[in-house]
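Okay, so here's the structure we're looking at.
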Amino acid sequence: MSDSTDKTVLLARIEHDGLVGWGEAAPISFYHQSFDSAEATLSKIGDMLGNDPFALDAILDNLLKRFPGESAAICAIDGALHDLIGKILKVPLWKMFGLDRSRMPLTSMTIGIDKPEVMAAKVREAAAFPILKVKVGTPDDEIILNTVRREAPNKTIRVDANCGWSSENAFERCKLMADYKVEFIEQPTRPGDNDVLPRLREAGLGPLYADESCVTVKDVLFCVGFFDGINIKLSKCGGIRQAMKMIHVARAAGLKIMLGCMTETSVGIAAAAQLGPMVDHLDLDGHLLLANDPFTGLGGEGGRLTLTDAPGLGIRELT
Ligand code: MG
């Protein structure tokens, strides 16, 4: 699929008793995953699933042990099994989880790093979205914030530094972000480069959210004291089941929670969206940036994702 750049993802399709479940793998290069590694993993998994889609714990625990670096591929299986279970039971997943769809936060729309005039145009195109997520972490951060704030003086703006700062400049950069009244700052420094983070928080700079520093459920407690919240992505942690565990641990630890995404079709985004009412913020705009999403049913215009009464992931294939 392509937007301004091409990105290839994999869709997993699991058939059981005449029903079909869909899941998506969006491999993350930061964790050394690729289309090829995910495809090779999925081809091995095909014979390992057994005949009971409800055996989620056994199936997914086994896959996480066998393929520890291939969370995106496992996420595709997790999504397809959940979709299938919802379709067998004829309920949408949000309802199966006992969630209240009126508690769905609005999603942000991402403004990627580009020339100022291109970023300004993107902000204007995103006029219907009340929340923007702006990528920073470059030498031009001030120009970027200045450009976006000028176009959207009253909007909620959150920023993602994508590990782009260091102990040396994070303090000054976070102060700059505060000047532009950002809602929160995602991943200011590289994972492990944590020394500056408590100082930032003590100075009232932030709130800080972990993305690359919080991959799986094991990482959540290590974020306490350094971050105010975490960004959970299904491809990063291995799917709905793992994300749910992260949500519970984060809540118990007093961390805020955002659900994020990669560039994904409606299949991957819908899996995350089904957990939407459990979290504080959504950054689930991947499907809205695609020119050729093969599925529909999720909405997203104006930041409003729809949890419908359609079973499973609640989406349907475009024919
Ligand atoms: Mg991020």
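Read-outs throughout are calculated quantities, based only on the coordinates presented, and are distinct from any laboratory measurement. Note that this is a predicted model, so its numbers are computed, not measured. Neighbour counts are summed over all protein chains in view; Cβ atoms, including those assigned to glycine, are modelled from backbone coordinates with ideal geometry.
Give the peptides 119-132, 206-219, 189-202 in descending order of average Cβ contacts within 10 Å, highest first.
Per-residue mean Cβ counts within 10 Å order the peptides as 206-219, 119-132, 189-202.
With an 8 Å Cα cut-off and a minimum separation of 6 or more residues, compute the relative contact order for the stretch 10-90 in percent.
46
Sum -39500 (n - 2.57) across every DSSP H segment of at least 4 residues in the chain, then divide by the residue count to get the 222 nm mean residue ellipticity, nearest 500.
The helix-only estimate for the chain comes to -10000 deg cm²/dmol at 222 nm.
At q = 0.09, 0.12, 0.13 Å⁻¹, what is the log10 ratio I(q)/I(0) for the stretch 96-317, with the Debye formula run over Cα points and no solvent?
For the requested q values the scattering log ratios are -0.35, -0.62, -0.73.
From the phi angles alone, apply the Karplus equation (6.51, -1.76, 1.60; θ = phi - 60°) to the stretch 235-243 and give each ³J(HN,Hα) in whole Hz, x where the residue is Gly or Pro.
Taking θ as phi minus 60°, the curve returns 5, 7, 9, x, x, 4, 5, 5, 4 Hz for the stretch 235-243.
Per-residue HN-Hα couplings for the stretch 191-200, Karplus 6.51 cos²θ - 1.76 cosθ + 1.60 at θ = phi - 60°, whole Hz, x for Gly and Pro?
Coupling constants for the stretch 191-200: x, x, 8, 9, 3, 7, 5, x, 5, 4 Hz.
Please get the size of the charge dipole for the stretch 166-319, origin at its Cα centre, with Cβ charges of +1 on Lys and Arg and -1 on Asp and Glu, quoted in debye to the nearest 20.
Rounded to the nearest 20 debye, it is 420 debye.
How big, in percent, is the set of alpha carbon pairs in the stretch 10-90 lying more than 20 Å apart?
Looking at the stretch 10-90, the distances longer than 20 Å represent 26 percent of pairs.
Just to be sure I understand: of the beta bridges DSSP finds with both ends in the chain, what percent are antiparallel, rounded to 5?
30
Rounded to the nearest 20 Debye, what is the dipole magnitude of the chain about its Cα centre when Lys and Arg each give +1 and Asp and Glu each give -1 at the C-beta?
Roughly 720 debye for the chain.
In whole angstrom, note down how far apart the Cα centers of the stretch 127-158 and the stretch 89-105 are.
One Cα centre to the other: 32 Å.
Can you list residues whose amide H is under 5 Å from ILE111's amide H, if they're 5+ apart or on another chain and H is modeled 1.01 Å from N?
So ILE111 has HN proximity to LYS133, VAL134, LYS135.
Please give the charge dipole size of the stretch 141-239, origin at the Cα centre, charges +1 on K and R Cβ atoms and -1 on D and E Cβ atoms. Round to the nearest 20 debye.
280
Give a residue-ordered list of calculated ³J(HN,Hα) values for the stretch 222-229 (Karplus: 6.51 cos²θ - 1.76 cosθ + 1.60, θ = phi - 60°; whole Hz; x for Gly, Pro).
After applying 6.51 cos²θ - 1.76 cosθ + 1.60, I find 5, 7, 5, x, 9, 10, 9, x Hz.
Given an 8 Å cut-off on Cα distances and at least 6 residues of separation, report the relative contact order of the stretch 96-317 as a percent.
It comes to 20 percent, rounded to a whole number.
Treat the count of other C-beta atoms within 10 Å as a stand-in for reagent exposure and order MET278, MET177 from fewest to most.
MET278, MET177
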